[in-house]
Amino acid sequence: MRIIFVLTYPSYHTIADRAEWLRWDNRDRRMPGLLAAMGVDVELWGVGREAFETQSDLPGLSPYPIRLFEASRAGAKSRDHVSDAMAEAAREDPADLFVLIGTNGGAGYHLFDKVLRAGRRRFAVIIGGDYWSRIVPHATFLFPESQIQVEALAAPRRLFRKPIPRDRMELLPKTIDTERFRPLADSRKDWDVVAVARLARWKRFDEIGELSATYRIAVAGGGPQAKQLAKRYPAIEWLGHVAHGEVPGLLNRSRLYFHAGRREYHPRAIPEAMACGLPVIAFNDHFGPDVVPRSCGALVDIHSYEAAVSGLLHDPRRRAQMGESARAHVVATHGPTSSEHACRTLMRIAAE
């Protein structure tokens, strides 16, 4: 049995340094390792600035090949970069199943158009932010990341979208290194509120900007809007890009985590903050209680976010209780082996 995972966005989309990218211990890297331990012939493919091959060496997991194919068409937006070499390799590879990580990256569209649809190859999709694209209805199986996505796929509101049968979907938890992301005793609290986000135009920082007039706020993350946001909200401490290995220490320096995104459905920053014992405040536009349980924080709207933040900051006992619940929730549902069931589902699909 052979299964190939494919990053639909380039490996350098959010992390320019390839060495740092290779150090990431996340679900994208762990699922192939878990499958390799189950005896599956598995590889992880992606688009890189240049061709590169190595072996995954995450501790506690079986090694497997990682192949980056040189980008052949690279425009202004990295999300649209594709690789003709990767498409050719896929065309020649006898894989039983391809697993696309993401619904709308350029490399995924390119592989679908040139190989998967043309060759009637079977593939699954791991859904990240956007849950719909023209690829989705053709997939053999889907792995949404939240219950809101499941309902939207099963009963789409747009008439031209084909409903996805529920037996072709399975919720896929995030994978968090709960030993690295954990509460640190006696950590100095430099901020009242922290956020981790890519500073792009589709993020919304108005609410955090308002909070910065009263509270100590820090935002970690780089992006094209960094200068404009720093000028607009000078009271916020803009930390810039922070290496993933340093994020646990950063989260522990705050009392609360506030998620600035309004278009995501289950960003890994939320369970990472929870694993560090931080209550989470997030907007209810796209998040449900499966993402932020009531015992772990608060889902708010434009009218209630200030009261939620103020209430928790002025109630240390309730804040501590929520932090303990948040940590317990992540350990129970998003630990290092949380994707084992999905891996067995992939094996079943590949064997059919």
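Side notes on the structure shown:
- Boolean, MET347 is assigned to a helix (DSSP H, G or I) and either more than 30 Å from PRO32 (Cα to Cα) or open to solvent by 60 Å² or more (accessible area, probe 1.4 Å) (or both): no
Conditions (1) within 21 Å of ALA107 (Cα to Cα); (2) of a type outside the set (Val, Ile, Thr); (3) under 19 Å from the mean Cα position of the chain (by Cα); (4) crowded, with 16+ Cβ neighbours inside 10 Å, marked per residue:
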site	(1), (2), (3), (4)
TYR9	yes, yes, yes, yes
HIS13	yes, yes, yes, yes
ALA16	yes, yes, yes, no
TRP21	yes, yes, yes, yes
ASP28	yes, yes, yes, yes
PRO32	yes, yes, yes, yes
GLY39	no, yes, no, no
VAL47	yes, no, yes, yes
ALA51	yes, yes, no, no
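- Considering residues of segment 326-344 that are in contact with a Ser or Thr (Cβ under 7 Å, 6 or more places away or on another chain) and in a helix (DSSP H, G or I) only, the residue least open to solvent (accessible area, probe 1.4 Å): VAL330
- The residues listed here are ALA89, ALA124; of these, the one that is surrounded by fewer than 22 Cβ atoms within 10 Å (Cβ to Cβ) and within 16 Å of THR8 (Cβ to Cβ) is ALA89.
- Of the helices (runs of 4 or more DSSP H) lying entirely inside segment 244-317, the ones with 3 or more residues being under 19 Å from the mean Cα position of the chain (by Cα) are found at 247-251, 269-275.
- Restricting segment 284-313 to residues that are under 26 Å from ARG182 (Cβ atoms) and out of contact with any helix residue (DSSP H, G or I) (no Cβ under 7 Å at 6 or more places or on another chain) leaves a set whose member that is most open to solvent (accessible area, probe 1.4 Å) is ARG294.
- Filter result for the condition that a residue is of a type in the set (Ser, Thr, Tyr), open to solvent by less than 20 Å² (accessible area, probe 1.4 Å) and over 22 Å from the mean Cα position of the chain (by Cα), over SER83, SER56: SER83
The values are calculated or read from the model by the stated rules, or taken from the named source; none is laboratory data. Note that this is a predicted model, so its numbers are computed, not measured. With ideal geometry, Cβ positions are generated from the backbone for all residues, glycine too; neighbour counts draw on all protein chains shown. When the accessible area is computed, the model is the full protein with side chains, heavy atoms only, and any ligands, DNA or RNA have been set aside. Shrake-Rupley method; radii C 1.70, N 1.55, O 1.52, S 1.80 Å.
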